[in-house]
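Working notes for the structure below.
The values are calculated or read from the model by the stated rules, or taken from the named source; none is laboratory data. These figures come from a predicted structure and were not determined experimentally. Note: ideal-geometry Cβ built from the backbone for every residue, glycine included; neighbour counts use all protein chains shown. For the accessible areas, the whole protein counts, side chains as well, though only heavy atoms, and no ligand, DNA or RNA atoms are used. Shrake-Rupley method; radii C 1.70, N 1.55, O 1.52, S 1.80 Å.
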Amino acid sequence: MSEPVLVGDIGGTNVRFALARRGFAGHCTVSDISVMPGDDFETFDEALNVYIRQLGSRTPPQALIALAGPVDEGKVQLTNRDWIVDARRLEANTGLKRVRLVNDYAAMARAIPELPESDFQLLQKGDCDEEDRDPILVCGPGTGVGMATLIPVGNQGWKVLTGEGGHAAFAPYDDREWALAKKLHETHGYVSRELVLSGSGLNAVHKALCEIDGVAWEELPPQEIMDRALKGDRICRDICEIRARGTLYFVGDAALMNGTRGGVVITGGVAERLADWIAAPEALERFNTRGPMSKYMTPIPIRLLLSGEAALVGAAALHFDEGAAG
């Protein structure tokens, strides 16, 4: 086993930490996992120090933290939380000798080759030839919407290209979605995919549909919306269908633009909760129907990731990749 590294996965809702090692078979394993609500802390530094105190003398000298936001010269402003994370400040205040920050979807994407098939739900088999090692798209809705492309290098290595595709413009498909987009534009101006598909936009979508239908809005938790959708509530059903079908429409666009014929992996807590809606034929049709390019889409495998530890594993893989490259 390799020497351990402290890894983190920091999203808009939770902070996750673990110790990671690379085993003799080459795959990364994580232990000492801690999941804490981000709302419990005023700063990320406070959360990290809580975990370091839990580890005590077992704290390793290096850390790689994956965060939901773009990395700029060792700093990250989280997209859906008012935290600014600074690698150099963490080194000065935590006792860690080296801290590296990466985008959370760089870690999420890098995890995919490390995970067993049992961590995925197959949505579309496709006919991808694994020996071709084509690029793989990794994206989906959680608190926000993340996106990255996993690019094969040589016979075994991988590189990750991250992006902010979740902030691309929402593309309505039918009359209901056009009405939603128009209503959201009135209140938000720019209507992004993230606004419509992610957890952070749930109330905005719900409120807009209520206004369109002339119904009084009341804030509902996500599970209540799903429960009402299954009982036939029109607005709640539309929320689930719009988000599930919109997710497949979005990843289809990204797969077509990136040429990710090695497969698509849909991720995120919202996607997991909407698994049955995402697996519906109407949603998969949104992915595959591309006019003259439809035949390009149907061979692309689509899987739904079901592992909450994936980004921690991917963060570890990125750390050990850097060591191998060096």
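Below, the figures for the structure above:
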| quantity | calculated |
| --- | --- |
| Karplus-derived 3J(HN,Hα), 6.51/-1.76/1.60, for each residue of the stretch 137-151, Hz, glycine and proline x | 8, 10, 6, x, x, x, 4, x, 10, x, 7, 7, 10, 9, 10 |
| Antiparallel %, DSSP beta bridges [both residues in the chain], to 5 | 70 |
| Protein accessible area in the chain, 1.4 Å probe - carbon and sulfur % | 50 |
| Global form of the chain, assessed from the alpha-carbon gyration tensor, a/c cut-off 1.5 | oblate |
| Theoretical ellipticity at 222 nm over the chain - DSSP helices of four or more residues, -39500 (n - 2.57) apiece, nearest 500 | -11500 deg cm²/dmol |
| Cα long-axis angle, helix 310-325 against the chain (0 to 90 degrees, to the nearest 10) | 50 |
| Cα-based Kirkwood hydrodynamic radius, the stretch 232-289, one decimal, Å | 11.8 |
| Derived scalar couplings ³J(HN,Hα) [the stretch 178-188; Karplus, 6.51 cos²θ - 1.76 cosθ + 1.60; whole Hz; x for Gly, Pro] | 5, 5, 5, 4, 5, 5, 5, 5, 4, 9, 10 |
| Distance between modelled label sites at residue 174 and residue 54, nm, 7 Å Cα→Cβ extension | 4.4 |
| Filter on 75/97; 159/295; 75/159; 183/231; 182/231 - keep pairs with C-alpha separation over 23 Å | 159/295; 183/231; 182/231 |
| Full-stretch length increase - residue 134, residue 91 - with 0.36 nm per residue and alpha-carbon distance subtracted | 11.7 nm |
